[in-house]
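Notes follow once the structure below has been shown.
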Amino acid sequence: MAGKPKLHYFNGRGRMESIRWLLAAAGVEFEEKFIETREDWDRIRKDGSLMYQQVPMVEIDGMKLVQTRAIINYIANKHNLYGKDMKERALIDMYVEGVADLNEMTIVFPVHPPGVKETKLSEIKDKAKNRYFPAFEKVLKSHGQDYLVGNKLSKADILLVELLYNVEELNPGATASFPLLQALKPEGITDREVQEGASSPFSSWAVGLHLIKSRTLPTDIVNCSSKIQILSR
Amino acid sequence: MAGKPKLHYFNGRGRMESIRWLLAAAGVEFEEKFIETREDWDRIRKDGSLMYQQVPMVEIDGMKLVQTRAIINYIANKHNLYGKDMKERALIDMYVEGVADLNEMTIVFPVHPPGVKETKLSEIKDKAKNRYFPAFEKVLKSHGQDYLVGNKLSKADILLVELLYNVEELDPSAITSFPLLKALKNRISSLPTVKKFLQPGSPRKPYTDKKSVEEMKKTFA
(Lines give C-alpha, C1' and ligand atoms only; values in the text may rest on other atoms or scores of the structure.)
Protein backbone atom coordinates (compact mmCIF):
# COMPACT_ATOMS: atom_id res chain seq x y z
CA MET A 1 0.00 0.00 0.00
CA ALA A 2 1.52 3.28 -1.05
CA GLY A 3 2.44 5.86 1.61
CA LYS A 4 1.40 9.48 1.61
CA PRO A 5 2.21 11.60 -1.43
CA LYS A 6 5.34 13.70 -0.88
CA LEU A 7 5.41 17.22 -2.27
CA HIS A 8 8.74 18.79 -3.23
CA TYR A 9 8.64 22.58 -3.53
CA PHE A 10 9.60 25.84 -1.92
CA ASN A 11 7.79 26.82 1.27
CA GLY A 12 5.21 28.94 -0.46
CA ARG A 13 2.26 28.79 -2.83
CA GLY A 14 3.62 29.12 -6.35
CA ARG A 15 2.65 26.30 -8.67
CA MET A 16 2.24 23.74 -5.89
CA GLU A 17 -0.69 25.43 -4.21
CA SER A 18 -3.36 24.12 -6.60
CA ILE A 19 -2.05 20.61 -5.95
CA ARG A 20 -2.34 21.16 -2.19
CA TRP A 21 -5.95 22.35 -2.60
CA LEU A 22 -6.83 19.31 -4.70
CA LEU A 23 -5.27 16.79 -2.30
CA ALA A 24 -6.86 18.53 0.70
CA ALA A 25 -10.28 18.59 -0.96
CA ALA A 26 -9.94 14.90 -1.79
CA GLY A 27 -9.16 14.21 1.87
CA VAL A 28 -5.64 12.96 1.10
CA GLU A 29 -2.97 13.58 3.73
CA PHE A 30 0.40 14.48 2.30
CA GLU A 31 3.97 15.28 3.34
CA GLU A 32 6.04 18.20 2.19
CA LYS A 33 9.78 18.46 1.70
CA PHE A 34 10.69 22.12 1.36
CA ILE A 35 13.55 23.36 -0.76
CA GLU A 36 15.01 25.97 1.58
CA THR A 37 18.69 26.49 0.76
CA ARG A 38 20.83 26.76 -2.33
CA GLU A 39 22.22 23.32 -1.45
CA ASP A 40 18.73 21.79 -1.36
CA TRP A 41 18.03 23.26 -4.78
CA ASP A 42 21.31 22.06 -6.28
CA ARG A 43 20.87 18.63 -4.79
CA ILE A 44 17.38 17.94 -6.04
CA ARG A 45 18.27 19.08 -9.53
CA LYS A 46 21.30 16.79 -9.67
CA ASP A 47 19.83 13.60 -8.22
CA GLY A 48 17.68 12.79 -11.23
CA SER A 49 14.34 13.29 -9.51
CA LEU A 50 13.22 16.11 -11.73
CA MET A 51 12.52 15.22 -15.36
CA TYR A 52 13.05 18.81 -16.51
CA GLN A 53 15.00 20.08 -13.44
CA GLN A 54 11.85 21.88 -12.32
CA VAL A 55 9.41 21.72 -9.43
CA PRO A 56 6.63 21.03 -8.45
CA MET A 57 7.49 17.37 -8.10
CA VAL A 58 5.22 14.91 -6.31
CA GLU A 59 6.24 11.42 -5.26
CA ILE A 60 3.07 9.40 -5.52
CA ASP A 61 2.32 5.72 -6.07
CA GLY A 62 5.90 4.93 -7.03
CA MET A 63 6.20 7.79 -9.52
CA LYS A 64 8.13 11.05 -9.37
CA LEU A 65 5.69 13.24 -11.26
CA VAL A 66 6.53 16.72 -12.47
CA GLN A 67 4.45 19.27 -14.41
CA THR A 68 1.52 20.73 -12.53
CA ARG A 69 -1.16 19.53 -14.94
CA ALA A 70 0.16 15.96 -15.02
CA ILE A 71 0.07 15.87 -11.22
CA ILE A 72 -3.36 17.47 -10.99
CA ASN A 73 -4.83 15.12 -13.62
CA TYR A 74 -3.44 12.04 -11.88
CA ILE A 75 -4.91 13.08 -8.54
CA ALA A 76 -8.24 13.94 -10.18
CA ASN A 77 -8.34 10.60 -11.97
CA LYS A 78 -7.43 8.67 -8.84
CA HIS A 79 -10.01 10.38 -6.63
CA ASN A 80 -12.93 10.57 -9.05
CA LEU A 81 -12.71 14.29 -9.56
CA TYR A 82 -12.66 14.14 -13.37
CA GLY A 83 -16.25 13.48 -14.40
CA LYS A 84 -17.87 10.27 -15.55
CA ASP A 85 -17.11 10.19 -19.29
CA MET A 86 -15.15 11.79 -22.13
CA LYS A 87 -17.51 14.69 -22.66
CA GLU A 88 -17.61 15.61 -18.96
CA ARG A 89 -13.82 15.46 -18.93
CA ALA A 90 -13.77 17.87 -21.88
CA LEU A 91 -15.97 20.40 -20.08
CA ILE A 92 -13.96 20.02 -16.88
CA ASP A 93 -10.72 20.59 -18.80
CA MET A 94 -12.17 23.60 -20.59
CA TYR A 95 -13.15 25.18 -17.28
CA VAL A 96 -9.91 24.28 -15.49
CA GLU A 97 -7.80 25.75 -18.30
CA GLY A 98 -9.66 29.06 -18.05
CA VAL A 99 -9.15 29.01 -14.28
CA ALA A 100 -5.45 28.28 -14.85
CA ASP A 101 -5.04 31.23 -17.23
CA LEU A 102 -6.33 33.70 -14.62
CA ASN A 103 -4.67 31.91 -11.72
CA GLU A 104 -1.34 32.18 -13.52
CA MET A 105 -1.62 35.95 -13.18
CA THR A 106 -2.13 35.67 -9.41
CA ILE A 107 0.79 33.22 -9.07
CA VAL A 108 3.32 35.55 -10.69
CA PHE A 109 1.81 38.74 -9.25
CA PRO A 110 3.93 38.92 -6.04
CA VAL A 111 7.15 38.89 -8.08
CA HIS A 112 6.50 42.04 -10.10
CA PRO A 113 8.25 45.31 -9.13
CA PRO A 114 5.92 47.93 -7.59
CA GLY A 115 5.31 49.99 -10.74
CA VAL A 116 4.39 46.93 -12.79
CA LYS A 117 2.20 45.57 -9.99
CA GLU A 118 -0.44 48.28 -10.45
CA THR A 119 -0.83 47.48 -14.13
CA LYS A 120 -0.96 43.77 -13.47
CA LEU A 121 -3.53 44.21 -10.71
CA SER A 122 -5.80 46.14 -13.09
CA GLU A 123 -5.41 43.35 -15.61
CA ILE A 124 -6.36 40.71 -13.05
CA LYS A 125 -9.40 42.69 -11.91
CA ASP A 126 -10.50 43.34 -15.47
CA LYS A 127 -10.07 39.77 -16.70
CA ALA A 128 -11.80 38.34 -13.62
CA LYS A 129 -14.75 40.71 -13.85
CA ASN A 130 -15.23 40.76 -17.63
CA ARG A 131 -13.99 37.45 -18.96
CA TYR A 132 -13.62 34.63 -16.45
CA PHE A 133 -16.12 35.15 -13.65
CA PRO A 134 -19.00 35.81 -16.08
CA ALA A 135 -18.11 32.65 -17.99
CA PHE A 136 -18.24 30.45 -14.89
CA GLU A 137 -21.34 32.18 -13.49
CA LYS A 138 -23.01 31.47 -16.83
CA VAL A 139 -22.18 27.76 -16.59
CA LEU A 140 -23.67 27.49 -13.10
CA LYS A 141 -26.73 29.43 -14.17
CA SER A 142 -27.25 27.26 -17.26
CA HIS A 143 -27.96 24.11 -15.25
CA GLY A 144 -28.68 25.46 -11.78
CA GLN A 145 -26.73 22.62 -10.16
CA ASP A 146 -24.36 22.79 -7.23
CA TYR A 147 -21.27 21.79 -9.22
CA LEU A 148 -19.86 22.92 -12.52
CA VAL A 149 -20.09 19.56 -14.33
CA GLY A 150 -22.34 16.54 -14.02
CA ASN A 151 -23.87 17.51 -10.69
CA LYS A 152 -20.79 16.13 -8.96
CA LEU A 153 -17.65 17.58 -7.40
CA SER A 154 -14.67 17.70 -9.76
CA LYS A 155 -11.26 19.34 -10.02
CA ALA A 156 -13.06 22.19 -11.80
CA ASP A 157 -15.00 23.23 -8.67
CA ILE A 158 -12.00 22.94 -6.37
CA LEU A 159 -9.61 24.88 -8.58
CA LEU A 160 -12.22 27.54 -9.34
CA VAL A 161 -12.82 28.08 -5.62
CA GLU A 162 -9.06 28.39 -5.07
CA LEU A 163 -9.03 31.04 -7.79
CA LEU A 164 -11.89 32.96 -6.17
CA TYR A 165 -9.96 33.16 -2.92
CA ASN A 166 -6.77 34.20 -4.76
CA VAL A 167 -8.51 37.00 -6.64
CA GLU A 168 -10.41 38.23 -3.58
CA GLU A 169 -7.15 38.54 -1.68
CA LEU A 170 -6.03 41.07 -4.27
CA ASN A 171 -9.46 42.58 -4.88
CA PRO A 172 -11.95 42.14 -2.03
CA GLY A 173 -15.48 42.09 -3.34
CA ALA A 174 -14.38 40.61 -6.68
CA THR A 175 -17.21 38.08 -6.54
CA ALA A 176 -19.80 40.58 -5.34
CA SER A 177 -21.84 40.51 -8.53
CA PHE A 178 -21.51 36.76 -9.02
CA PRO A 179 -23.92 35.10 -6.59
CA LEU A 180 -23.53 31.58 -7.97
CA LEU A 181 -19.75 31.76 -7.67
CA GLN A 182 -20.12 32.97 -4.10
CA ALA A 183 -22.34 30.01 -3.36
CA LEU A 184 -19.56 27.63 -4.41
CA LYS A 185 -17.24 28.74 -1.62
CA PRO A 186 -17.02 26.60 1.52
CA GLU A 187 -17.85 29.32 3.98
CA GLY A 188 -21.27 30.07 2.50
CA ILE A 189 -20.62 33.66 3.34
CA THR A 190 -23.60 35.42 1.87
CA ASP A 191 -26.39 36.85 3.95
CA ARG A 192 -28.82 35.30 1.53
CA GLU A 193 -27.56 31.86 2.47
CA VAL A 194 -27.86 32.56 6.16
CA GLN A 195 -31.38 33.84 5.70
CA GLU A 196 -32.48 31.00 3.50
CA GLY A 197 -30.71 28.35 5.55
CA ALA A 198 -29.08 27.13 2.35
CA SER A 199 -25.78 25.35 2.59
CA SER A 200 -22.81 25.57 0.30
CA PRO A 201 -22.09 22.41 -1.67
CA PHE A 202 -18.81 22.13 0.19
CA SER A 203 -20.24 22.53 3.67
CA SER A 204 -20.86 18.84 4.11
CA TRP A 205 -17.17 18.13 3.91
CA ALA A 206 -15.18 17.82 7.04
CA VAL A 207 -12.45 19.22 4.91
CA GLY A 208 -14.15 22.49 4.07
CA LEU A 209 -13.06 24.75 6.90
CA HIS A 210 -9.93 22.75 7.59
CA LEU A 211 -8.95 23.58 4.04
CA ILE A 212 -9.28 27.28 4.67
CA LYS A 213 -7.39 27.22 7.92
CA SER A 214 -4.51 25.18 6.59
CA ARG A 215 -3.90 27.30 3.52
CA THR A 216 -0.39 28.50 3.20
CA LEU A 217 0.16 32.19 3.66
CA PRO A 218 0.14 34.64 0.80
CA THR A 219 3.54 35.14 -0.74
CA ASP A 220 4.47 38.61 0.35
CA ILE A 221 7.12 40.57 -1.41
CA VAL A 222 9.77 40.39 1.31
CA ASN A 223 9.53 36.65 1.63
CA CYS A 224 9.63 36.35 -2.10
CA SER A 225 12.73 38.49 -2.59
CA SER A 226 14.76 36.58 -0.07
CA LYS A 227 13.78 33.28 -1.64
CA ILE A 228 14.71 34.56 -5.07
CA GLN A 229 18.11 35.67 -3.74
CA ILE A 230 18.79 32.23 -2.36
CA LEU A 231 17.85 30.54 -5.56
CA SER A 232 19.04 32.92 -8.23
CA ARG A 233 21.90 31.78 -10.38
CA MET B 1 -23.73 10.43 -36.47
CA ALA B 2 -21.66 13.51 -35.85
CA GLY B 3 -20.11 15.33 -38.79
CA LYS B 4 -16.48 16.28 -39.17
CA PRO B 5 -14.88 18.41 -36.47
CA LYS B 6 -14.77 22.08 -37.46
CA LEU B 7 -11.72 24.12 -36.50
CA HIS B 8 -12.08 27.86 -35.95
CA TYR B 9 -8.79 29.77 -36.10
CA PHE B 10 -6.63 32.08 -38.14
CA ASN B 11 -5.07 30.70 -41.32
CA GLY B 12 -1.79 29.82 -39.65
CA ARG B 13 -0.17 27.48 -37.14
CA GLY B 14 -0.37 29.21 -33.78
CA ARG B 15 -2.12 27.22 -31.08
CA MET B 16 -4.26 25.22 -33.50
CA GLU B 17 -1.40 23.40 -35.20
CA SER B 18 -0.95 20.75 -32.49
CA ILE B 19 -4.67 19.98 -32.80
CA ARG B 20 -4.29 19.58 -36.57
CA TRP B 21 -1.38 17.18 -36.05
CA LEU B 22 -3.36 15.10 -33.57
CA LEU B 23 -6.50 14.85 -35.70
CA ALA B 24 -4.44 14.07 -38.78
CA ALA B 25 -2.43 11.38 -37.00
CA ALA B 26 -5.67 9.84 -35.71
CA GLY B 27 -6.94 9.71 -39.29
CA VAL B 28 -9.78 12.16 -38.62
CA GLU B 29 -10.88 14.40 -41.47
CA PHE B 30 -11.79 17.91 -40.39
CA GLU B 31 -13.02 21.24 -41.74
CA GLU B 32 -11.53 24.63 -41.08
CA LYS B 33 -13.25 28.01 -40.87
CA PHE B 34 -10.58 30.70 -41.03
CA ILE B 35 -10.90 34.02 -39.26
CA GLU B 36 -9.62 36.32 -41.99
CA THR B 37 -11.05 39.80 -41.45
CA ARG B 38 -11.71 42.10 -38.55
CA GLU B 39 -15.44 41.44 -39.09
CA ASP B 40 -14.93 37.67 -38.79
CA TRP B 41 -13.07 38.22 -35.52
CA ASP B 42 -15.70 40.59 -34.11
CA ARG B 43 -18.51 38.28 -35.14
CA ILE B 44 -17.17 35.10 -33.61
CA ARG B 45 -16.41 36.84 -30.34
CA LYS B 46 -19.92 38.26 -30.12
CA ASP B 47 -21.97 35.21 -31.08
CA GLY B 48 -21.32 33.32 -27.85
CA SER B 49 -19.26 30.52 -29.43
CA LEU B 50 -16.11 31.29 -27.49
CA MET B 51 -16.26 30.66 -23.76
CA TYR B 52 -13.40 33.10 -23.07
CA GLN B 53 -13.56 35.04 -26.37
CA GLN B 54 -10.46 33.16 -27.50
CA VAL B 55 -9.53 30.69 -30.19
CA PRO B 56 -8.70 27.85 -30.91
CA MET B 57 -12.29 26.67 -30.88
CA VAL B 58 -13.31 23.25 -32.21
CA GLU B 59 -16.87 22.19 -32.90
CA ILE B 60 -16.90 18.48 -32.21
CA ASP B 61 -19.59 16.01 -31.16
CA GLY B 62 -22.07 18.76 -30.35
CA MET B 63 -19.64 20.77 -28.24
CA LYS B 64 -17.89 24.08 -28.91
CA LEU B 65 -14.62 23.36 -27.15
CA VAL B 66 -12.03 26.01 -26.41
CA GLN B 67 -8.64 25.78 -24.66
CA THR B 68 -5.98 23.83 -26.50
CA ARG B 69 -5.43 21.22 -23.80
CA ALA B 70 -9.15 20.51 -23.39
CA ILE B 71 -9.44 19.95 -27.14
CA ILE B 72 -6.29 17.82 -27.34
CA ASN B 73 -7.32 15.68 -24.37
CA TYR B 74 -10.79 15.07 -25.80
CA ILE B 75 -9.37 13.97 -29.14
CA ALA B 76 -6.77 11.79 -27.41
CA ASN B 77 -9.44 10.16 -25.23
CA LYS B 78 -11.76 9.60 -28.17
CA HIS B 79 -9.10 8.03 -30.38
CA ASN B 80 -7.24 5.92 -27.82
CA LEU B 81 -4.16 8.09 -27.76
CA TYR B 82 -4.06 8.51 -23.97
CA GLY B 83 -2.67 5.22 -22.63
CA LYS B 84 -4.46 2.32 -21.00
CA ASP B 85 -4.68 3.39 -17.34
CA MET B 86 -4.18 6.22 -14.85
CA LYS B 87 -0.44 5.77 -14.51
CA GLU B 88 0.15 5.71 -18.26
CA ARG B 89 -1.96 8.85 -18.54
CA ALA B 90 0.23 10.49 -15.90
CA LEU B 91 3.41 9.73 -17.84
CA ILE B 92 1.83 10.85 -21.09
CA ASP B 93 0.74 14.12 -19.48
CA MET B 94 4.17 14.66 -17.94
CA TYR B 95 5.82 14.25 -21.34
CA VAL B 96 3.24 16.33 -23.23
CA GLU B 97 3.56 19.21 -20.75
CA GLY B 98 7.32 19.31 -21.28
CA VAL B 99 6.77 19.27 -25.03
CA ALA B 100 4.25 22.10 -24.65
CA ASP B 101 6.69 24.26 -22.67
CA LEU B 102 9.29 24.11 -25.44
CA ASN B 103 6.72 24.25 -28.23
CA GLU B 104 5.30 27.43 -26.70
CA MET B 105 8.62 29.11 -27.46
CA THR B 106 8.42 28.08 -31.12
CA ILE B 107 4.79 29.25 -31.39
CA VAL B 108 5.54 32.79 -30.21
CA PHE B 109 8.96 32.99 -31.92
CA PRO B 110 7.78 34.48 -35.25
CA VAL B 111 6.20 37.46 -33.48
CA HIS B 112 9.36 38.77 -31.81
CA PRO B 113 11.14 41.81 -33.28
CA PRO B 114 14.50 41.01 -34.96
CA GLY B 115 16.78 41.92 -32.04
CA VAL B 116 14.79 39.83 -29.58
CA LYS B 117 14.58 36.92 -32.05
CA GLU B 118 18.30 36.16 -31.73
CA THR B 119 18.07 35.84 -27.96
CA LYS B 120 14.95 33.73 -28.15
CA LEU B 121 16.50 31.45 -30.75
CA SER B 122 19.46 30.80 -28.46
CA GLU B 123 17.05 30.00 -25.66
CA ILE B 124 15.16 27.52 -27.80
CA LYS B 125 18.36 25.81 -28.96
CA ASP B 126 19.71 25.68 -25.42
CA LYS B 127 16.53 24.33 -23.82
CA ALA B 128 16.05 21.77 -26.60
CA LYS B 129 19.62 20.52 -26.42
CA ASN B 130 20.15 20.59 -22.66
CA ARG B 131 16.77 20.09 -21.05
CA TYR B 132 14.02 18.65 -23.20
CA PHE B 133 15.62 16.45 -25.87
CA PRO B 134 17.86 14.65 -23.34
CA ALA B 135 14.80 14.00 -21.16
CA PHE B 136 12.83 12.36 -23.97
CA GLU B 137 15.86 10.49 -25.34
CA LYS B 138 16.30 9.08 -21.81
CA VAL B 139 12.71 7.85 -21.70
CA LEU B 140 13.06 6.05 -25.02
CA LYS B 141 16.37 4.57 -23.96
CA SER B 142 14.97 3.36 -20.62
CA HIS B 143 12.55 0.89 -22.20
CA GLY B 144 13.85 0.58 -25.76
CA GLN B 145 10.32 0.54 -27.17
CA ASP B 146 8.97 2.24 -30.26
CA TYR B 147 6.70 4.65 -28.40
CA LEU B 148 7.12 6.83 -25.34
CA VAL B 149 4.50 5.11 -23.16
CA GLY B 150 3.09 1.61 -22.97
CA ASN B 151 4.53 0.44 -26.29
CA LYS B 152 1.63 2.11 -28.06
CA LEU B 153 1.08 5.34 -29.97
CA SER B 154 -0.22 8.20 -27.83
CA LYS B 155 -0.60 11.95 -28.00
CA ALA B 156 2.88 12.13 -26.45
CA ASP B 157 4.58 10.66 -29.54
CA ILE B 158 2.61 12.78 -31.99
CA LEU B 159 3.14 16.06 -30.18
CA LEU B 160 6.82 15.32 -29.55
CA VAL B 161 7.38 14.66 -33.24
CA GLU B 162 5.59 17.91 -34.12
CA LEU B 163 7.99 19.63 -31.72
CA LEU B 164 11.01 18.02 -33.37
CA TYR B 165 9.92 19.35 -36.75
CA ASN B 166 9.31 22.81 -35.27
CA VAL B 167 12.72 23.00 -33.62
CA GLU B 168 14.54 21.65 -36.67
CA GLU B 169 12.98 24.39 -38.77
CA LEU B 170 14.80 26.90 -36.58
CA ASP B 171 17.90 24.77 -35.95
CA PRO B 172 18.51 22.08 -38.57
CA SER B 173 21.05 20.15 -36.51
CA ALA B 174 18.88 20.05 -33.39
CA ILE B 175 18.43 16.26 -33.16
CA THR B 176 21.69 15.03 -34.64
CA SER B 177 22.92 13.82 -31.26
CA PHE B 178 19.64 12.18 -30.26
CA PRO B 179 19.41 8.91 -32.22
CA LEU B 180 16.26 7.62 -30.53
CA LEU B 181 14.43 10.89 -31.16
CA LYS B 182 15.51 10.68 -34.81
CA ALA B 183 14.18 7.14 -34.98
CA LEU B 184 10.88 8.17 -33.37
CA LYS B 185 10.54 11.04 -35.81
CA ASN B 186 11.09 8.71 -38.76
CA ARG B 187 8.77 6.07 -37.39
CA ILE B 188 5.88 8.43 -36.69
CA SER B 189 6.40 10.25 -39.99
CA SER B 190 6.06 6.93 -41.80
CA LEU B 191 2.63 6.17 -40.36
CA PRO B 192 0.22 6.46 -43.31
CA THR B 193 -1.89 9.17 -41.68
CA VAL B 194 1.10 11.28 -40.66
CA LYS B 195 2.84 10.73 -43.99
CA LYS B 196 -0.24 12.14 -45.70
CA PHE B 197 -0.26 15.14 -43.36
CA LEU B 198 3.38 15.89 -44.19
CA GLN B 199 2.68 16.07 -47.91
CA PRO B 200 1.81 19.26 -49.80
CA GLY B 201 -1.88 20.04 -49.97
CA SER B 202 -2.60 18.79 -46.46
CA PRO B 203 -4.11 20.96 -43.69
CA ARG B 204 -0.61 21.43 -42.26
CA LYS B 205 0.20 25.12 -42.16
CA PRO B 206 3.48 26.67 -43.30
CA TYR B 207 6.00 28.37 -41.04
CA THR B 208 4.71 31.75 -39.90
CA ASP B 209 7.00 34.13 -41.75
CA LYS B 210 7.50 37.86 -41.27
CA LYS B 211 4.98 38.70 -43.99
CA SER B 212 2.22 36.67 -42.26
CA VAL B 213 2.96 38.39 -38.96
CA GLU B 214 2.71 41.82 -40.60
CA GLU B 215 -0.58 40.93 -42.25
CA MET B 216 -2.03 39.64 -38.98
CA LYS B 217 -1.00 42.81 -37.17
CA LYS B 218 -2.61 44.97 -39.87
CA THR B 219 -5.88 43.07 -39.85
CA PHE B 220 -6.37 42.48 -36.17
CA ALA B 221 -4.43 45.10 -34.23
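The values are calculated or read from the model by the stated rules, or taken from the named source; none is laboratory data. What you are looking at is a predicted structure, and each value in this text was computed from that prediction instead of being measured. Here the Cβ positions follow ideal geometry from the backbone for every residue, glycine too, while neighbour counts run over all protein chains shown. These accessible areas exclude ligands, DNA and RNA; they are computed on the full protein's heavy atoms, side chains included. Shrake-Rupley method; radii C 1.70, N 1.55, O 1.52, S 1.80 Å.
Only bridges with both residues in region A:1-101 count here: give the DSSP antiparallel percent, nearest 5.
65
Using Cα springs under 10 Å in a Gaussian network model of chain B, which residue among B:180, B:22, B:148 shows the largest mean-square fluctuation?
B:180
Roughly how crowded by other chains is peptide A:128-140, in terms of the mean Cβ count from those chains within 10 Å of each of its Cβ atoms?
Mean partner shielding for this stretch: 1.
Only bridges whose two residues both fall in the protein assembly as shown count here: according to DSSP, what percent of them are antiparallel, nearest 5?
The answer is about 65 percent antiparallel.
In whole Å, what are the Cα extents of region B:153-221 along the three principal axes, biggest one first?
In descending order, the Cα extents are 42, 27, 21 Å.
Rank-order B:149-158, B:4-13, B:169-178 by packing density, defined as the average count of other C-beta atoms within 10 Å over each peptide's residues, highest first.
So the peptides B:149-158, B:4-13, B:169-178, ranked by packing, come out B:149-158, B:4-13, B:169-178.
Which helices of chain B meet both criteria: a Cα extent of 27 Å or more along the helical axis and a mean Kyte-Doolittle score no lower than -0.5, with helices taken as whole DSSP H segments?
What comes out of the filter, once short or polar helices are dropped, is B:86-108.
Which far-off residues, 5 or more places away or on another chain, put their amide H under 5 Å from the one on residue B:152, with H placed in the peptide plane?
B:147
Under a 5 Å amide H to amide H cut-off, with H placed in plane at 1.01 Å, what residues pair with residue A:33 once short-range neighbours are removed?
Answer set, sorted by chain and number: A:7, A:8, A:9.
Based on the Cβ-Cβ distance of residue B:220 and residue B:196, what FRET efficiency does E = 1/(1 + (r/R0)^6) give at R0 = 35 Å, to the nearest 0.05?
0.65
What does the convex hull of the alpha-carbon atoms of region A:6-79 project to on average, in nm²?
Mean projected area for region A:6-79: 4.6 nm², to one decimal.
Give, to the nearest whole percent, the P(r) tail of chain B beyond 26 angstrom, counting all Cα pairs.
The calculated P(r) of chain B puts 38 percent of pairs beyond 26 Å.
Per DSSP H run of at least 4 residues, take -39500 (n - 2.57); add these up for chain B, divide by its residues and hand me the 222 nm value, nearest 500 deg cm²/dmol.
-17000 deg cm²/dmol
State the Cα centre-to-centre distance between region B:3-49 and region B:77-146 in whole Å.
If you average the Cα positions of each part, the centres end up 23 Å apart.
Please give me the summed charge of the neighbours of residue B:179: other residues whose Cβ is under 11 Å from its Cβ, Lys and Arg +1, Asp and Glu -1.
+2
On the protein heavy atoms, probe 1.4 angstrom, tell me the percent of accessible surface of the protein assembly as shown carried by carbon and sulfur.
That share works out to 53 percent.
Compute the FRET efficiency between residue B:147 and residue B:168 as 1/(1 + (r/R0)^6), taking r as their Cβ-Cβ distance and R0 = 22 Å, and round to the nearest 0.05.
Using R0 = 22 Å, I get an efficiency of 0.60.
How big is the C-alpha Rg of region A:86-185 next to the rule-of-thumb value 2.2 N^0.38 Å, as a ratio?
Here the answer is 1.09, to two decimals.
Express the accessible area of region A:86-185 per residue in Å², computed with a 1.4 Å probe while the remaining protein chains stay in the model.
41
Using Cα pairs closer than 8 Å and at least 6 residues apart in sequence, work out the relative contact order for region B:155-208, in percent.
After rounding, I find 25 percent.
Total Å² of accessible surface buried at the B-A contact, 1.4 Å probe, nearest 100?
Counting protein atoms only, the buried area is about 3000 Å².
Normalised radius of gyration for the protein assembly as shown, please: alpha carbon Rg relative to 2.2 N^0.38 Å, two decimal places.
0.99
For peptide B:64-75, compute the average count of partner chain beta-carbon atoms within 10 Å of each residue's beta-carbon.
Average per residue, whole number: 5.
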